[in-house]
Amino acid sequence: QVQVVESGGGLVQPGGSLRLSCAASASTFSINAMGWYRQAPGKQRELVAIVTRSGTKTYAASVKGRFDISYEDSKKTVQIQMNDLKPEDTAVYYCKVVARTPPAFTLQDYWGQGTQVTVSS
């Protein structure tokens, strides 16, 4: 089992910035990708940004140019810098880890508990 722990989040005014961090840990595992998803009230969970271990980054169109995701393999952490935040960015943000674990080493998704981001004046 992979443990996923998020930090960051909070209340910020429109136009402001926040940084979310996520750390993955387990006794034995191999990370394929780490990323961030978000879920606003009454809406489905959606991709915000994800980065593969090889460094390929994918962003939702709504955040491209404003958010920057980065992955540090040595620490098994992913961070997302969120700039020029808008009220529509308000949501619970979840970290996802795509990893292989014993005994089968098949790819599985592991989720954090979520952290609230509120953009409001």
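The values are calculated or read from the model by the stated rules, or taken from the named source; none is laboratory data. The model shown is predicted, which means the values in this text are computed figures rather than measured ones. In this analysis, Cβ positions are derived from the backbone assuming ideal geometry, glycine residues included, and neighbour counts consider all displayed protein chains. Side chains included, ligands, DNA and RNA excluded: accessible areas come from the protein's heavy atoms. Shrake-Rupley method; radii C 1.70, N 1.55, O 1.52, S 1.80 Å.
Set side by side, the residues Ala61, Ala49 differ, and just one is in contact with a Gly (Cβ under 9 Å, 6 or more places away or on another chain), free of Cβ contacts under 8 Å to residues at least 40 places away in the same chain and either of a type outside the set (Phe, Trp, Tyr) or part of a strand (DSSP E or B) (or both), which is Ala49. Of all residues in segment 80-108, those being open to solvent by 60 Å² or more (accessible area, probe 1.4 Å) and in a strand (DSSP E or B) number 3. Residues being open to solvent by 40 Å² or more (accessible area, probe 1.4 Å), small (Gly, Ala, Ser) and at pLDDT below 95 are represented in segment 15-28 by at least one member.
Can you pull out every residue in segment 2-13 that is out of contact with any strand residue (DSSP E or B) (no Cβ under 6 Å at 6 or more places or on another chain) and either outside any strand (DSSP E or B) or open to solvent by 60 Å² or more (accessible area, probe 1.4 Å) (or both)? Result: Gln13, single match.
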